[in-house]
Amino acid sequence: MKQRCISCGAAYPLSQILYTCPACDDILEIAIDVTGREAPTFECEGVWRYAPLLPVPLDKSVSMGEGGTGLHALRRLQQEFGIPRLFLKNEGENPTGSFKDRGMTVGVSQAVTLGARAVACASTGNTSASLAAYAARAGMRAIVLIPGGKIAMGKLAQAIVHGAEIVQVDGNFDEAMRTVRELSLSEGEIYLLNSINPFRLEGQKTLAFEVCEALGNAPDVLILPMGNAGNISAIWKGFREFHALGLIDRLPKIIGVQAAGAAPLARYLSGDLHECRISDPETLATAIRIGAPVSWLKALRALEESGGHAAIVSDDEILAAQRKLASGEGIFVEPASVVPIAYLMRERVQAETVVCVATGHGLKDPDAILRMAPEMKQAAPSLASLRSALGLA
Ligand SMILES: *Cc1c(COP(=O)(O)O)cnc(C)c1O
Ligand SMILES: [Zn+2]
């Protein structure tokens, strides 16, 4: 395995600390040659089950049992949407409540392998929560830059309690990102763990492996949210590797969904933008409030190669989908996580097996729910009053 530039193809060893290609400045990926290779045997559960396909050895892993999340059949919704088999991969079941843990376990393990003293990131929430937890687990210093504007309280509480050093930056996410990158480049012992880091994406690709193992093959369609677009890139890489190893005999179509006020990828693809970036992203789905997706080129390739497409949903559609999933199927996920369901509520998808990726737990960001909650029923502590409040009188 080696690090490889996604544009010029230049290769670098895994042990070299790089965030972009020294030759052309584009981003890197981990290249694994699986062609002609026999499928490895997988042991244990979760992300590290796939250690033979990861760039860090199992005995170096900083782990909390991440991955191995449920793939839940959505029986009511599948009937409503006219899809024979509809599943939700619930990443809220990870240790810190989001899929970021899949990447962070590998990223922090790589930081340990490299002998770094600290790990750092800029984050709108879940990355900092996960980084803080895994750094604590590894006994390392964690530095978190939080952009100005709204951040979900649950995620901030996680970074605080795990002991991260939190710096609020007077700027948007993209500016915080640029600053923390400069810090890591100027301090060799601070290892940057934003999604630009290709080791994180290697952990995230295991979601695809789990879906394939659970279904016995790839689904026809996989739908997920796109923010910085690292996750779509990682998951597509996972499907391709399983396919190359002969473990699945087809590849899924990928549909990437963005929120209307933060949809640079979808708008760039539809020809509405000349560049894949917007300057003032806005959506209540803070985890995907991203104007300049770091992994935009990887994501475009995933969409194109899979025969899929990008789509846009509104904040109102997101809130409606969140309530529908929670009240109709018992699964509470955060606003960014529900964009695949919002998409299915509006668009008819003709496919036999569809998997939606729910990226993070609902308790991280309960604000919008509480703001829109209906008035509570009131009762005196008596049977008659309670019956009357419930309309049973
Ligand atoms: C990070 C995150 C996303 C976006 O993932 P990208 O890899 O940036 O596209 C979506 N949902 C949740 C809950 C997240 O934490
Ligand atoms: Zn290059």
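The values are calculated or read from the model by the stated rules, or taken from the named source; none is laboratory data. Every value quoted in this text rests on a predicted model; they were computed, and no experiment measured them. Note that we place each Cβ from the backbone using ideal geometry, even for glycine, and neighbour counts take in every protein chain shown. Only protein heavy atoms, including side chains, enter the accessible area calculation; ligands, DNA and RNA are left aside. Shrake-Rupley method; radii C 1.70, N 1.55, O 1.52, S 1.80 Å.
Return the tail of the calculated pair distribution for the range 152-304, meaning the percent of Cα-Cα pairs more than 27 Å apart. In whole percent, the share of Cα-Cα pairs in the range 152-304 beyond 27 Å is 32.
Accessible surface ranking for GLU352, GLU165, 1.4 angstrom probe, highest first: GLU352, GLU165. First check a/c for the chain, with a ≥ b ≥ c the square roots of the eigenvalues of its C-alpha gyration tensor; if it is under 1.5, answer rounded, and if not, answer prolate when a/b is larger than b/c or oblate otherwise. Because a/c hits 1.5 or more and a/b exceeds b/c, the chain counts as prolate.
Which of the listed residues, LEU390, ALA73, VAL34, is farthest toward the dipole's positive end in the chain, when Lys, Arg count +1 and Asp, Glu count -1 at the beta-carbon? Toward the positive end, the furthest listed residue is LEU390. Under the shape rule built on the C-alpha gyration tensor, where the axes satisfy a ≥ b ≥ c, the range 99-199 is oblate, since a/c reaches at least 1.5 while a/b does not exceed b/c. Could you compute the net charge surrounding VAL313? Neighbours are other residues with a C-beta less than 10 Å from the C-beta of VAL313; K and R count +1, D and E count -1. Local charge sum for VAL313: -3.
Element breakdown for the chain at a 1.4 angstrom probe: carbon and sulfur atoms account for 50% of the accessible area. For ALA358, neighbours were defined as the other residues whose beta-carbon sits under 11 Å from its Cβ, and their charges (Lys and Arg +1, Asp and Glu -1) total -3. Bridges between two residues of the chain, per DSSP, are antiparallel at a rate of about 25%.
Within the listed set GLY188, GLY67, GLY97, the Gaussian network model of the chain (springs between alpha-carbon atoms below 10 Å) gives the highest mean-square fluctuation for GLY188. Per residue, the accessible area of the chain comes to 41 Å² when a 1.4 Å probe rolls over the protein heavy atoms. With a cut-off of 13 Å between beta carbons, the residues surrounding ASN231 carry a summed charge of +4, where Lys and Arg count +1 and Asp and Glu -1.
Charging the Cβ of each Asp and Glu at -1 and of each Lys and Arg at +1, and nothing else, the dipole of the chain about its Cα centre rounds to 540 debye.
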